[in-house]
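Peer 1: Following this message is one structure expressed as structure tokens.
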Amino acid sequence: MHARANPAEESGTWRLGDLTVCRVGFGTMRLTGTEPFGNGVPRDRERAISVLRRAVELGVNHIDTAAFYFSATRSANELINRALAPYPEDLVITTKVWPGRDPSGAWWWADPAQLRGQVEENLRQLGRDHLDVVNLRVPPSGRTGSIGEHFGALAELREAGLIRHLGVSNVTSAQLTEALDIAPVVCVQNPYGIGASREERAVLRRCGELGVAFVPFFAIAGSGREAGVTGEDDEAVGAVARAHGVSIPQVRLAWTLHQGPHVLAIPGTSDPDHLAQNVAAGALRLSEEEMARLTAL
């Protein structure tokens, strides 16, 4: 296989509205050790900054973050600003609002009127005059209710020029429909990986039909979610990994990307070697038999 100058381009590209991104991006959650979302605190701040810069060197131009990704000593947005500003013209930074954390780290959920403050918090931390993509992250308790009031508030901020494009996260098909009736949606960020539920698969298919990017989280953890992968899954995935001479996380990412050209990936890590492996997963091609075996898990 001919190696491209930017390894991330091996995964292909997709458009978030008028913004073109490589299908393998980078999630910043693990740079901070944010709980309960992740771990892997970097050994030092400079290492986190070097990982971000290395991601861009590898061709990554889609970075996922949030103002609530912070720990006692790390803030994802501040690290991004320090590492990458002035930002490359093709870099797309996606963030999310509705959840928030106060300075002590306690969680809270914004009212529609408070979303502007959350958007402005991201703008300040990133040093931007607008945000490329903002996802409305629906709370677990809100998956059976309406998101119209909150999404409508973000649509107004988009009209005001603070936000370029809108997305939704952790939503049902009905909530996606509700959002689309209010304003254009460029991406859906939902849990998805090997072992995905029927409902999760249905949302991915619907996004493909609509031409909306589907951006899974837990792509590497799979059905284990926060607890991580399960031994039974790992054994089957491991066989495929050994056949290709790659790691288990690389197989999980490749399987996810094989779900459709509209599927993106935002794996996160604080380890430079893992970063290179994640980006390389975009070039990994699985056979139909391998795909069927993994899908059956």
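Peer 1: Note down the Stokes-Einstein diffusion coefficient of region 183-293 in µm²/s, whole number, using a Kirkwood radius over alpha carbon pairs, 4 °C, and 1.567 mPa s.
Peer 2: After rounding, the answer is 91 µm²/s.
Peer 1: Here's something else I'd like to know. Placing +1 at every Lys and Arg Cβ and -1 at every Asp and Glu Cβ, with all other atoms neutral, what dipole size does the chain have around its Cα centre, in debye to the nearest 20?
Peer 2: 280 debye
Peer 1: Sorted from largest down, give the three principal axis spans of the alpha carbons of the chain, whole angstrom values.
Peer 2: Reported extents, whole Å, longest axis first: 53, 43, 35.
Peer 1: For Thr73 and Asp273, compute 0.36 nm times the residue count separating them, minus their Cα-Cα distance, and round to one decimal in nm. Write down the numbers at each step before the final one.
Peer 2: On the way: separation 200, 0.36 × 200 = 72.00 nm, distance 2.32 nm.
Contour length minus Cα-Cα distance gives 69.7 nm.
Peer 1: Fewest to most neighbouring Cβ within 10 Å: what's the order for Val134, Val246, Val251?
Peer 2: Val246, Val251, Val134
Peer 1: Specify which residue in the list Val279, Ala113, Ser141 is farthest towards the positive end of the charge dipole of the chain, using unit charges on the beta carbon of Lys, Arg (+1) and Asp, Glu (-1), about the Cα centre.
Peer 2: The Cα lying farthest towards the positive end belongs to Val279.
Peer 1: On to the next question. Within 10 Å of each residue's Cβ, count the other Cβ atoms and sort Met291, Met29 from fewest upward.
Peer 2: Values: Met291 15, Met29 22.
Taking fewest neighbouring Cβ atoms as first place, the list is Met291, Met29.
Peer 1: At Ala85 and Asp181, where each label point lies 7 Å from the Cα along Cα→Cβ, what is the point-to-point distance in nanometres?
Peer 2: With each label placed 7 Å out from Cα toward Cβ, I get 4.0 nm.
Peer 1: Among the DSSP beta bridges whose two residues both lie in the chain, what percent are antiparallel, rounded to the nearest 5?
Peer 2: Taking every DSSP beta bridge within the chain, about 25 percent pair in antiparallel fashion.
Any read-out appearing in this document is the output of simple, stated calculations on the displayed coordinates, not a laboratory observation. Just so it is clear, the model here is predicted, and its values are computed rather than measured. Cβ coordinates were reconstructed from backbone atoms using ideal geometry, including for glycine residues, and neighbour counts include every protein chain displayed.
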